[in-house]
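Each remark here refers to the structure printed beneath this line.
The values are calculated or read from the model by the stated rules, or taken from the named source; none is laboratory data. Just so it is clear, the structure is predicted and the values come from calculations on it, not from any experiment. Every residue, glycine as well, gets a Cβ built from its backbone with ideal geometry; the counts of neighbours run over all protein chains shown. Please note that ligands, DNA and RNA were not included when accessible areas were found on the heavy atoms of the full protein model with its side chains. Shrake-Rupley method; radii C 1.70, N 1.55, O 1.52, S 1.80 Å.
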Amino acid sequence: MDLSTHISNSGGSLEKTATGYSRSYIFKESFPGFDGHFPGNPILPGVIQTMLGQISALEALAIEYPAENPVLQSVTRCKFLRPVKPMEKLELNVSLKTKALNHIAICSLSVAGEPAATYQLIFITKGM
């Protein structure tokens, strides 16, 4: 099973909110993203946390702009504010903005209302 499938199996469905989209995740200790990060003290890697936003933002962009084919161009303003441990309920919120030919996904992750990470994902439309 690839990492994207493991991530999908750990998350709920993407829900439309008043400010964008949200999804929750719970990663079991057996999640392969914890392997080696860190032995005896598993912490969800930052790259996985940004993948959560990428996967959800692409799904939201497909809903909002079905005729486009966006691809991730860059990750900006990335801050990791607290470690995320196995079995913690992780809440992801994504709001979308458009600037020129780019779509910007503003992502925030929290655990029990406590901020865990914030970052922005910049998407361009493939072929533009």
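Does any residue of the stretch 51-65 turn out to be open to solvent by 70 Å² or more (accessible area, probe 1.4 Å), modelled with pLDDT of 95 or more and more than 17 Å from residue 126 (Cβ to Cβ)?
Scanning the stretch 51-65 turns up at least one residue that is open to solvent by 70 Å² or more (accessible area, probe 1.4 Å), modelled with pLDDT of 95 or more and more than 17 Å from residue 126 (Cβ to Cβ).
Which of the residues that make up the stretch 45-73 are within 18 Å of residue 108 (Cβ to Cβ) and either without any contact (Cβ under 8 Å) to a residue 12 or more places away in the chain or small (Gly, Ala, Ser) (or both)?
Within the stretch 45-73, 46, 47, 53, 56, 57, 60 meet the criteria.
Restricting attention to the stretch 74-128, and to residues there that are over 23 Å from residue 39 (Cα atoms) and of a type in the set (Phe, Trp, Tyr), which single residue is surrounded by the most Cβ atoms within 10 Å (Cβ to Cβ)?
By that ranking, first place goes to 123.
Tell me, which residue of the stretch 15-27 that is in contact (Cβ under 8 Å) with a residue 24 or more places away in the chain and in a loop (DSSP other than H, G, I, E, B) is surrounded by the most Cβ atoms within 10 Å (Cβ to Cβ)?
Among those that are in contact (Cβ under 8 Å) with a residue 24 or more places away in the chain and in a loop (DSSP other than H, G, I, E, B), it is 27.
If I filter the stretch 101-118 for residues that are acidic (Asp, Glu), closer than 19 Å to residue 16 by Cβ, part of a strand (DSSP E or B) and under 17 Å from the mean Cα position of the chain (by Cα), do I get at least one hit?
Checking the stretch 101-118: not a single residue is acidic (Asp, Glu), closer than 19 Å to residue 16 by Cβ, part of a strand (DSSP E or B) and under 17 Å from the mean Cα position of the chain (by Cα).
Every residue, every condition in (1) over 21 Å from residue 112 (Cα atoms); (2) more than 13 Å from the chain's Cα centre (by Cα); (3) in a helix (DSSP H, G or I), yes or no:
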{"site": "29", "(1), (2), (3)": "no, yes, no"}
{"site": "44", "(1), (2), (3)": "no, no, no"}
{"site": "51", "(1), (2), (3)": "no, no, yes"}
{"site": "55", "(1), (2), (3)": "yes, no, yes"}
{"site": "73", "(1), (2), (3)": "yes, yes, no"}
{"site": "87", "(1), (2), (3)": "no, yes, no"}
{"site": "93", "(1), (2), (3)": "no, no, no"}
